[in-house]
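Read the figures in this text as sums done on the coordinates, not as results from a lab. Note that the structure is a prediction, hence the values are computed from the model and not measured. Heads up, the Cβs are rebuilt from the backbone with ideal geometry, glycines too, and the neighbour counts pull from every protein chain shown.
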Amino acid sequence: MTALPTVTSKYELAPRTNDELRAMLPKGSQGGRTIMIDPVSPEFNRGSFCYMGYLLFSAMQDLGCDITILENFCAADVDTIPQVGVDQYLIVLWNHTQIEHVQTLIRFLPRGKCLVFGFYGMIEAQHLPVYQVPASIIQRGMVTYHRNYRFFKQILLSDCDMHLKEFSGQVYPFFTTYGCPRGCNFCPTTLNFPPNSPEGGRIATPLNELFSVLREMLDKDMVGFHFTDEDFYLDMDRTYAVVDWLSKQPEAIEKRMQIITLGERHTVAAFAKRYGWQVLVDAGIKLIEIGLESAEEDLGKDMGKGGIKVCRKIAEECPIHVLWLTMAFYPGETIQSLNKTGAFMKENGLTADELYERVATNGTHGGLGQFCQYYEGFMLDKNGKRISVDNVELEGTVFSRRPLRLMPSFIPYSFQNDVIKGIGRPFEASDDQWFDNYRVDKPVLGQGFMVGKTVKQVVEEQYANPLDGYIAMAVAAKIGVLV
Ligand code: SF4
């Protein structure tokens, strides 16, 4: 038998006994019955930070708690929730669409038995009774999640799926780490579990535990993984130990193991420089997802992402399929920045067809990338710096603070007031798909009535609904029709 690698990470937490972990749970968990409620929400792609409910549920199951989960729950059905014999209700709150549900549940469920967890800035802003899930509980959830898939409606919550045509089969989400200390300016993950937290904004499962869980999964023929880590590549030596271990499992070859990973551009590049790409190929990694967000240099830096050079290098060298995640409408977005992002995607990204499949898999409309979303307690000032909503001086129009993916909640003035310089090319029939994805009408093109006008003027002239107009204009810029 080969010895297990002994690489450790500074993000591994001190081991805790079951009794110590039980003491970290809300007091109604001790011997009583818990009901977890995740209210319904139209936000489809909630990202990896929203797995906290599943992780908490898994940890509580593992610690012997009596817990039931009600997902996609509509508050109008509050009377169907058991009340007799229930000691506590743990309610999830991630986004604005859930606020009224949460308030209704707290009003009508037995007084003093509800605690809310999820996106803490929002919970605090709503003055709701909070349960801050401790990092050690999350860590226990990370290594027990795979035993609880059967309890969950969705299993895989993020928008990252085996969505490309060449892959098929079930993909199981799996955390080797949780959290990301990079601190990009738009990212809710890093805000909810910040780098200045006692754990440093990240949790890593010790390798011996990780390998025993992966072994358990492989033995059950689970060979499609989505490593849901925000940044799988951050701890390079540890990442190497994981992929090296995977590459030595017979399943990698015999059963065509298929793995998706997420990585931050600099850490992916640094990993490849130190260890090369081949070990990732050998481990069965079929797709690496990297947040490109914008190909415009300055905008990328404002976002906290850094420059584009490293993305180009990855695009040139990486033998594995890279999915570039993009975003529009961050403050500073212009027609030109969208042109640049679109050009990068055309050169290095997916075909429209593949992207559509991805979108269809998730049941959403869209395809050119999510739009920038703002969460309460997380707004930006004119310089793109985070400020409190109580002190907000917005650089644009807030259409809604609801963080619906693929629906812009904010159109920055930089885009609204950008002047159209010309028409890069006429529309082609194949462009229709992009507008269909977003359910918006194509702009009517005409040099005479577009060029020299601001985006806002043209939107006001062409669209009854300005939100539709801005989406359409952004799409047209990204595909190079507007310049
Ligand atoms: S690298 Fe990704 S997960 Fe990390 S802070 Fe930036 S956007 Fe968030």
ask   = What residues have an amide H closer than 5 Å to that of H226, excluding those fewer than 5 places away on the same chain, when H is modeled at 1.01 Å from N in the peptide plane?
value = Y172, F174, I260
note = To the nearest 0.05, the calculated FRET efficiency linking K309 and A14 through their beta-carbon distance, R0 being 35 Å, is 0.30
Theoretical FRET efficiency, 1/(1+(r/R0)^6), r = Cβ-Cβ of A125 and K273, R0 56 Å, to 0.05 = 0.85
note = Restricting to Cα pairs under 8 Å and 6 or more apart, the percent relative contact order of the range 172-361 works out to 18
request  = Step through the residues of the range 79-96 one at a time and calculate ³J(HN,Hα) from phi using the Karplus curve (6.51 cos²θ - 1.76 cosθ + 1.60, θ = phi - 60°), rounding each to whole Hz and writing x for Gly and Pro.
outcome  = 6, 8, 7, x, 10, 6, x, 9, 9, 7, 10, 9, 10, 8, 9, 10, 8, 5
task = Return the aspartates and glutamates within reach of K153: Cα separation strictly under 13 angstrom, same-chain partners fewer than 8 residues apart disregarded; answer none if there are no such residues.
result = D38, E71
message = Relative contact order of the range 21-162, please, whole-number percent, based on alpha carbon pairs below 8 angstrom and at least 6 residues apart.
response = 34
query = Among rounded, prolate and oblate, which fits the range 81-125 when a ≥ b ≥ c are the square roots of the eigenvalues of its C-alpha gyration tensor, a/c under 1.5 means rounded, and a/b larger than b/c means prolate?
reply = prolate
query = Using a Cα distance threshold of under 25 Å, what count of lysine pairs results for the range 172-361 when pairs must be 8 or more residues apart or interchain?
reply = 26
message = Counting other C-beta atoms within 10 Å, and keeping those with at most 16, which DSSP coil trypsin sites (Lys or Arg not before Pro) do you find in the range 416-483?
response = K421, R439, K453
request  = Work out, step by step, the length gained on full extension between D432 and E100: first 0.36 nm times the residue separation, then minus their alpha carbon distance; give nm to one decimal.
outcome  = 115.8 nm
query = How far, in nm, would the chain grow between D77 and Q457 when pulled straight, counting 0.36 nm per residue and subtracting the alpha carbon separation?
reply = 132.3 nm
remark   = Cα extents of the range 166-222 along the principal axes, largest first, in whole Å, come to 39, 32, 14
